[in-house]
Structure formats: structure tokens, C-alpha cells
Amino acid sequence: MTDTTELTAWRSVAELYRHFFAGLVLRTVAQRGAKDAAELVFRTFRRQHHARFLPGLRKLGLDTLPDAVAAASYHYLSNRIGGVSVEFMPDSDRKAWVRFPPPRWVWPTVTICAIPTEVSAAMLRGWQAHNGVSLGNPRLGFVCTGMTPDGQPGLEGYFLEHDRELAPEERLRFARHESAPPFDPARAPKLDPVAWPAARLAKAHRGYAMEYVRSALPEVLQAFGPEATRFLAGGAARLVGMQMYPDTAAGLGITSEPGAAGFARFMVRLAEAQGDRAAMERNGAGFVVRQEGWALMRGVPEGGDVLLDCWAGLLEGAAMAHDRRMTVRREGFTWSIGG
């Protein structure tokens, strides 16, 4: 049985990666502008869609429902599994609402203040607007009735099966004058508590957050090239690593221990909580940490050293927060830590 320490560690990893994704988007907004940030978000969510939507429908037992209801049900259950606040309101076999009330999970705390409208819309273009295409139903589209970055009380809208086939530009449209009906939890799909105990939910929550980074890093590279990727993603990782280090260490059960030994223990515990294996050993006055595998990017063909350099920024930033005088050198997945 998984104990509460492990569940807390998985949730801590989820928070780290949630902030990493948000930090990457914000850094892209700040350094390259809203248009490029929207392109990155569109690519990330389209990549996630292709990887997760149809397999997820089957896994959750939703693939026999009418298309509009199936699409909305998927967004409800998959996001609930990820720890996201979400509502589901069925209207008919051809129309079903989803609503993400504040606070928005994907934009932690006040980061939402810097999210442009086009970046929020890019999420919908990347995923919701493509549901009909993936389902083989060219009449299915998504109507957005509100977006939180615009000051509206949540991201909301409905999947609608029209009476005709939609042109690509019609798969997402906006109707800001409409408003989602009240949420009735009794009408929403539910997970089987036997099949989804606390441990499985916590692990899925971790995977949900890590998936954002897994999808985003290759798309930064494809959109902007290696140099910009290291600047944007690697820079965001270092900043997030610094900012999140105290909370992440606490969530991993790491007590305050200065110097190389304390940070080596943090690295090993983080690797284990991420689904990797790592070990530490003394090396003179310092320590060496060796990590086996890289669960985050397993099976992703793009990037190689570029994406590894970016991801390693999380640990570089955490090391700066742990002890700014400490030296950390890396070769592949081996870190040498000097006090």
C-alpha cells in the first residue's frame, strides 16, 4: 500500500511541473510576445490531444457516448483526475457544456494576470476545436462563452454537433453573450472509487502535470530552435527551480540540511518521486548523484541534449536556492555536487 509520504511527494512533483509549464509560457510571453506564446500553447495542446484524447476516451469508457457528450465527459473526468476544478453540464445528445471555474489550475495564483487572450484561446484551438476531427465527426465544434484571463468567471463553453460539416475556421467560435447553466454533480460522470483509489489518483495527478512539460518541451524546440529553447525553457526551469525549491523539498519530506549532502538527498528523492531511479555516493568532500532513466521524456524522439539541458535547469535553480556557494556539474544524468 502506498503511504501518505509517497502521495505527498507525488503531489509535490505535480506542483513543480505545473509551475514549470506556466513559467515557460510566461517567459515566452515576456521574451517573444503573445503571438509566439500562443503558437507554443497551440502546439502543446494539439500534441497532447493526439497523444491522449482517443486512448483516454476508451480508457474511461466514454467511447460509446454521443460525440458531444463524450467530448465533454472526457474533459470533465480527465481534468478531475488531474486535480483540476471542472464542471460538466449535459444539454442533449448534441450539446454538452464544460466549465473550468477559478482558480484556474493551469495558471497558478497570480500568473493568470499575464496570460493574453490569444494564449488562452490557443488552448481551445489546439484541443477542443480538434475533437470532432479526431472523432471523425466534421459537424462537431466547440463554442467558447467565457475565458478567465478576460475577467470572466471561468473558462467555459459547449461542444455542439451542428447540422452541417464545419470548415476548419468554424470548429472554434465565441459566443460571449451566453453563459453556462448551473452545475449539478449528480448528472456528471463518475470514476469508480474501487478502480481509482487515492494512490492511483495521486499518481495520475503527477502524470497529468508532467504531461504538460513533456508535450511543451519538444514543441518549443520545433517552433523556435535549439538556442531559443535553451533560453526560454532552460531559463524558465532555473527560475522555477529556485522559486519552488522550499515547497518541493518540504513536499518530498526533505529536512533542511545545508551543503552537498542535503542537496544530493533532495535530488535522489525528487528522482524517485518523478518515477526514476537515482543513487548518491560520497566523492571526497562532495557527492555524486546518478539518475537511471528519464521517465518524463521516455518515448519522445525529439530534442536529446537540448531538452535534457532545459529540464536540468530545474535542478540548477533548486541548487542555487539550496546553497548559492555550492557547485553543481552535470554530465548526462550524473551530477557532481561540491560543498
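The values are calculated or read from the model by the stated rules, or taken from the named source; none is laboratory data. These figures come from a predicted structure and were not determined experimentally. All Cβ positions, glycine included, derive from the backbone under ideal geometry; neighbour counts span all protein chains shown.
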- line: Every listed condition ((1) under 13 Å from A188 (Cβ atoms); (2) not in a loop (DSSP other than H, G, I, E, B)) holds for A71 save (1)
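Table: residues versus (1) out of contact with any Asp or Glu (no Cβ under 7 Å at 6 or more places or on another chain); (2) surrounded by fewer than 21 Cβ atoms within 10 Å (Cβ to Cβ); (3) farther than 20 Å from R230 by Cα; (4) of a type in the set (K, R).
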site: W10; (1), (2), (3), (4): yes, no, yes, no
site: R18; (1), (2), (3), (4): yes, no, no, yes
site: F21; (1), (2), (3), (4): yes, no, no, no
site: T28; (1), (2), (3), (4): no, no, no, no
site: R52; (1), (2), (3), (4): yes, yes, yes, yes
site: L62; (1), (2), (3), (4): yes, yes, yes, no
site: S73; (1), (2), (3), (4): yes, no, yes, no
site: R94; (1), (2), (3), (4): no, yes, yes, yes
- request: Confirm whether G136 is among the small types (G, A, S), assigned to a loop (DSSP other than H, G, I, E, B) and either under 23 Å from G207 (Cα atoms) or in the same structural domain as P55 (by TED's automatic domain parsing) (or both).
  value: yes
- prompt: When only residues in segment 280-294 that are surrounded by 14 or more Cβ atoms within 10 Å (Cβ to Cβ) and among the hydrophobic types (A, V, I, L, M, F, W, C) count, which is nearest to Y208 (Cα to Cα)?
  reply: W294
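Rundown of residues vs (1) in contact (Cβ under 8 Å) with a residue 40 or more places away in the chain; (2) surrounded by 21 or more Cβ atoms within 10 Å (Cβ to Cβ); (3) among the hydroxyl-bearing types (S, T, Y); (4) in contact with a Phe, Trp or Tyr (Cβ under 7 Å, 6 or more places away or on another chain), yes/no style:
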position	(1), (2), (3), (4)
G262	yes, no, no, no
A278	no, no, no, no
G299	no, no, no, no
C310	yes, yes, no, no
L314	yes, yes, no, yes
H322	yes, yes, no, yes
R330	no, no, no, no
query: Right, R80: within 15 Å of the chain's Cα centre (by Cα) and either more than 27 Å from P197 (Cβ to Cβ) or assigned by TED's automatic domain parsing to the domain that holds S134 (or both) or not?
result: yes
task: Within segment 272-307, track down each residue that is more than 18 Å from the chain's Cα centre (by Cα) and part of a helix (DSSP H, G or I).
output: E272, D305, V306
task: Output the residues belonging to segment 162-214 that are β-branched (V, I, T) and without any contact (Cβ under 8 Å) to a residue 12 or more places away in the chain.
output: V194
message: Going by what's in this entry, would A233 be described as more than 17 Å from W105 (Cα to Cα), modelled with pLDDT of 95 or more, of a type in the set (A, V, I, L, M, F, W, C) and surrounded by 20 or more Cβ atoms within 10 Å (Cβ to Cβ)?
response: yes
- line: With criteria (1) of a type in the set (D, E); (2) part of a helix (DSSP H, G or I); (3) touching a strand residue (DSSP E or B) at 6+ places or on another chain (Cβ under 8 Å), E118 comes up short on (3)
- request: Could you grab me the full set of residues in segment 30-42 that are closer than 20 Å to P108 by Cβ and surrounded by fewer than 19 Cβ atoms within 10 Å (Cβ to Cβ)?
  value: A30, Q31, A34
message: Take the conditions surrounded by 13 or more Cβ atoms within 10 Å (Cβ to Cβ) and within 21 Å of S92 (Cα to Cα) and apply them to H177. Does it pass?
response: no
task: Looking for whichever is among the aliphatic types (A, V, I, L, M) and within 30 Å of L308 (Cα to Cα) here; the options are L166, L239. Which one fits?
output: L239
- prompt: Of A195, A188, A167, which residue is loosely packed, with under 13 Cβ neighbours inside 10 Å and modelled with pLDDT of 95 or more?
  reply: A167
query: Does segment 127-139 contain at least one residue that is crowded, with 18+ Cβ neighbours inside 10 Å, modelled with pLDDT of 95 or more and either on the phi > 0 side of the Ramachandran plot or under 18 Å from the mean Cα position of the chain (by Cα) (or both)?
result: yes
- request: Read through the list (1) outside any helix (DSSP H, G or I); (2) within 30 Å of A30 (Cα to Cα); (3) touching a Pro at 6+ places or on another chain (Cβ under 8 Å), then give the number of the only condition that P149 fails.
  value: (1)
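For every residue, the table says whether it meets (1) under 30 Å from A186 (Cβ atoms); (2) touching a helix residue (DSSP H, G or I) at 6+ places or on another chain (Cβ under 9 Å); (3) in a helix (DSSP H, G or I); (4) not small (G, A, S).
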{"position": "Q48", "(1), (2), (3), (4)": "yes, yes, yes, yes"}
{"position": "V98", "(1), (2), (3), (4)": "yes, yes, no, yes"}
{"position": "R104", "(1), (2), (3), (4)": "yes, yes, no, yes"}
{"position": "M123", "(1), (2), (3), (4)": "yes, yes, yes, yes"}
{"position": "G132", "(1), (2), (3), (4)": "yes, yes, yes, no"}
